[in-house]
Structures are given as structure tokens and as C-alpha cells.
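To keep things clear, I will list the structure first and then write my remarks on it.
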Amino acid sequence: MFVNSEDIFSSIPILSASVKVTRKCNLACKHCYVANKNFDYQSELSVNEIKLIIEQLYEAGCLDLYLNGGEPFLNENILEICEFAHNKGLRISVSTNGITIDEEIIKILSKFNLKIFQVSIDGLEETHDKIRNKIGAFREGIKALNLAKRYFKNSDTTVIMATTLMEDNKNQIFKLYDLACELNVDTYALIPLLPTGRACSAIDVSVKEKMDIFSNIAEYFVSKNTSTELSLILPPGLIPKVLSTRKYGKGYYCTFPNIIGIDSNGNIAPCDGLLNINELIIGNIRKKTIEECWYSFVMEEIRNINVNQLKGVCSMCKFLSTCRGGCRAYAYIKTGSFYASDPLCQEIYEAGLFPKESLKT
């Protein structure tokens with residue numbers, strides 16, 4: 001049974017929104033899904049335009065605001081933006097590479113009761129710096145995590161160390177989880193590669209390696225007595241069964257289609273992952289209100305998707321009603337259809353590795 005949010009709220013709420021406060025970045029990561037060589041950086045929003053977006057999101061009932069980039073802390077007004085969103089009562093999450101984070105920035109951020117503060121660490125020092133194309137990137141990221149743990153320790157902020165799984169780091173995942181434990185971060189998140197933007201399948205690991213790594217790190221997590229949670233960013237049908245024996249991190253959760261993505265030039269799409277798809281740009285904040293975009297034809301069509309009509313392995317999965325097809329953005333990017341199965345699940349199913357216990361009998 002599916003509950004229509006409009007029946008509960010008498011309107012269709014925007015539960016969460018992702019806002020790119022800039023596409024500028026001080027790194028050139030080989031796996032960046034945001035990278036777009038045709039982007040016009042002169043078109044980026046002013047601080048007042050971003051505040052207008054936050055105001056409209058607040059009026060639309062938005063609960064969670066994800067501030068990202070690019071590197072969000074390259075926007076010189078990022079702290080002012082966070083303060084404005086905090087004063088509106090939005091739960092703020094930020095994701096950073098940590099390069100520009102210093103004690104003063106963290107001290108100010110600690111006043112805003114962030115929901116999540118996430119730093120990407122994609123390998124041990126030499127590997128991370130190679131992936132990120134900058135010597136010293138690893139040490140700066142670790143410094144940011146240490147500062148975050150110190151200043152957020154008495155708050156509700158979840159400090160996350162996140163790794164994108166790829167060929168370069170596949171043999172370092174256990175050591176990276178150990179590092180997260182040594183740093184005493186709240187959560188270690190392991191994320192499968194999204195082959196779009198600068199990323200390509202050449203740097204991804206094989207399907208079997210992927211399943212083995214997720215299974216092995218899950219068993220390793222269960223065997224350790226540590227307060228650092230493990231979060232595998234996977235559809236629930238792929239979550240290793242062993243994790244049912246121990247408290248598990250947040251895992252895979254997406255509020256799509258009650259989510260919206262806003263680019264640093266004001267473009268609006270059904271989610272952050274679709275901002276590079278021209279046909280799915282539903283408007284621009286400089287020409288339309290968020291409400292006008294939210295009730296546009298494209299968004300209405302997306303909201304009318306019946307998950308019971310999804311194809312491929314999704315149609316056979318026990319978790320369809322809760323998962324709702326995994327990442328719909330990735331499905332569209334890969335196939336051009338919102339009705340295609342989650343590409344990761346489908347790839348694993350076709351390799352004969354999809355967990356049998358996740359399939360309907």
C-alpha cells in the first residue's frame with residue numbers, strides 16, 4: 001500500500017532540497033559526477049538569490065536542506081547562508097572536501113545545529129591525493145574531521161567520513177573504516193560509483209568485487225566493538241544480511257519524488273543528480289518560483305510514476321514498496337526512462353549475484 005502525501009498534507013510537500021551554492025571547486029576528482037565543462041560560472045547565484053530560494057523552500061514545507069557544490073565553502077557567503085537557513089528552522093547538511101575548513105569556520109558552523117557534516121576521504125594519503133589530484137588533500141580532510149568531532153561533540157550533528165568505491169581504493173576499505181574509527185567519527189559511509197560527469201565505468205570495480213567488498217566490510221563492521229557506524233549507500237535489497245545482527249547506519253534513503261535539486265545558476269531539476277540533463281530542467285529561480293516549478297508538468301508526471309510498473313529486477317524485489325526503485329535519477333541517466341530498474345541492482349541481478357532472499361517467491 002502506498003500513501004499519497006497529498007492526502008496527508010493537503011498539498012505536495014518538498015521534504016528535502018539540494019542546493020549547489022557554487023560549482024567552483026579547488027580539486028579535480030576523477031570520479032566527480034558534478035563536473036560539466038560547459039558550465040558558465042559567471043551565472044552563479046548571489047547570496048540574496050540563495051536566501052530567496054531558502055525562503056521559498058521554507059514556505060513550501062521543506063524540512064531538510066543539503067548544501068553542496070562544487071566545493072560549498074568556496075562560496076564566500078556559505079556561513080551567512082547556513083545561518084539564514086538555520087534561522088528558518090531547516091535541518092542543514094553540508095558535504096565538503098575539507099580543504100578550506102579551519103577552526104573558525106567549524107566554530108561558527110557549530111552554532112547552527114547541522115544535521116550532517118560530511119567529509120570525503122577516498123583513500124589513504126597517497127591514494128586520496130591521487131584521486132583528488134592535489135597533494136595535501138588527505139591531511140586537510142582529516143584535519144576537518146578532527147575539528148568537526150571536537151566542536152560538534154555535544155550536538156546532534158552526525159559527522160560522516162565518506163568514501164566512493166572505485167578501482168583505486170578497493171583494497172583500502174578496511175583500513176579506511178579503521179581510520180574512521182580512530183578519528184571517532186559517527187559514521188563511515190561507503191558509496192558506489194555513479195558513472196556520470198567526470199566519472200566513467202573504467203574506474204569502477206567489477207560487479208563481483210563490489211558485492212564482495214560490501215559483504216566483507218559489513219562482516220568486519222559487525223565483528224568490531226566500535227561506536228562508528230557503517231552506512232552502505234545501497235538499495236535495501238542489496239544490504240548484506242549480516243547487518244541485521246548489529247545496529248546499522250542510515251543506509252540508503254531518498255525522498256524522491258518529494259525532493260528538488262537547485263543548481264548554482266538557479267536551474268531546478270527533480271533532483272540533484274539530474275541537473276546536467278537539459279530536458280529535465282523544470283525552470284530557473286530567476287524566472288519562476290519554486291512553487292511554479294514544483295507543480296510543473298514534468299514534476300506531475302514524475303509524481304505519477306507507479307512503482308508497481310517498474311521494470312527489471314525492481315519488479316521482482318521484496319523491497320519495492322519501501323525502496324521505490326532505488327535511484328530514479330541514475331535509472332534515467334543510464335536508460336532515459338524513469339521506469340527502468342535501478343542500474344546497480346539490475347547489473348548485479350544480470351551477473352547472477354542479486355541476493356535470493358531479496359526476491360519475491
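Binning the alpha carbon pair distances of the range 256-348 at 10 angstrom intervals from zero yields the distribution 17, 47, 27, 8, 0, expressed in whole percent. The charge dipole of the chain, taken about its Cα centre with unit charges on the Cβ atoms of Lys, Arg (+1), Asp and Glu (-1) only, comes to about 600 debye.
Measuring r between the beta carbons of residue 301 and residue 335 and using R0 = 25 Å, the FRET efficiency lands at 0.95.
Direction-averaged shadow area of the convex hull around the Cα atoms of the range 307-361, nm²?
Working: hull surface 13.6 nm².
Its average projected convex-hull area is 3.4 nm².
Taken over the C-alpha atoms, the range 54-182 has Rg and Dmax values of 15.3, 47 angstrom. For the range 29-70, with equal point scatterers placed on the C-alpha atoms only and solvent neglected, what are the log10 I(q)/I(0) values from the Debye formula at q = 0.15, 0.23 1/Å, to two decimals? Per q value, in the given order, log10 I(q)/I(0) is -0.55, -0.92. The share of Cα pairs per 5 Å bin across the range 116-156, counted from zero up to the longest distance, runs 5, 26, 28, 16, 13, 9, 3 percent. Quick one: plug the Kirkwood hydrodynamic radius of the range 133-218 (C-alpha pairs) into Stokes-Einstein at 20 °C, 1.002 mPa s, and report D in µm²/s. This corresponds to a translational diffusion coefficient of 150 µm²/s.
Could you work out the percent of alpha carbon pairs in the range 209-319 separated by over 26 Å, rounded to a whole number? Every Cα pair in the range 209-319 considered, those over 26 Å come to 43 percent.
With the simple model of a label 7 Å out from the Cα in the direction of the Cβ, residue 212 to residue 279 spans 3.9 nm. A convex hull fitted to the Cα coordinates of the range 90-132 yields 77 cubic angstrom per residue.
Ranking 330, 63, 221 by Cα position along the charge dipole of the chain, where only Lys, Arg, Asp and Glu carry charges on their C-beta atoms, puts 221 farthest toward the positive end.
Excluding same-chain neighbours fewer than eight residues apart, the lysines reachable from residue 241 by a Cα-Cα span under 25 Å are 170, 175, 208, 210, 224, 250, 311, 318, 356, 360. Roughly how far apart, in whole Å, are the Cα centres of the range 178-217 and the range 84-158? Measuring centre to centre over Cα atoms gives 19 Å. Annotation: average projected area of the range 257-309 is 3.7 square nanometres, based on the convex hull of Cα atoms across all directions. Taking the Cα atoms of the chain, the ratio Rg/Rh between the radius of gyration and the Kirkwood radius comes to 0.94.
FYI, it's all coordinate maths here, none of it is from the lab. Not measured: the values here are computed from a predicted model. Every residue, glycine among them, receives a Cβ derived from its backbone with ideal geometry; neighbour counts consider all protein chains shown.
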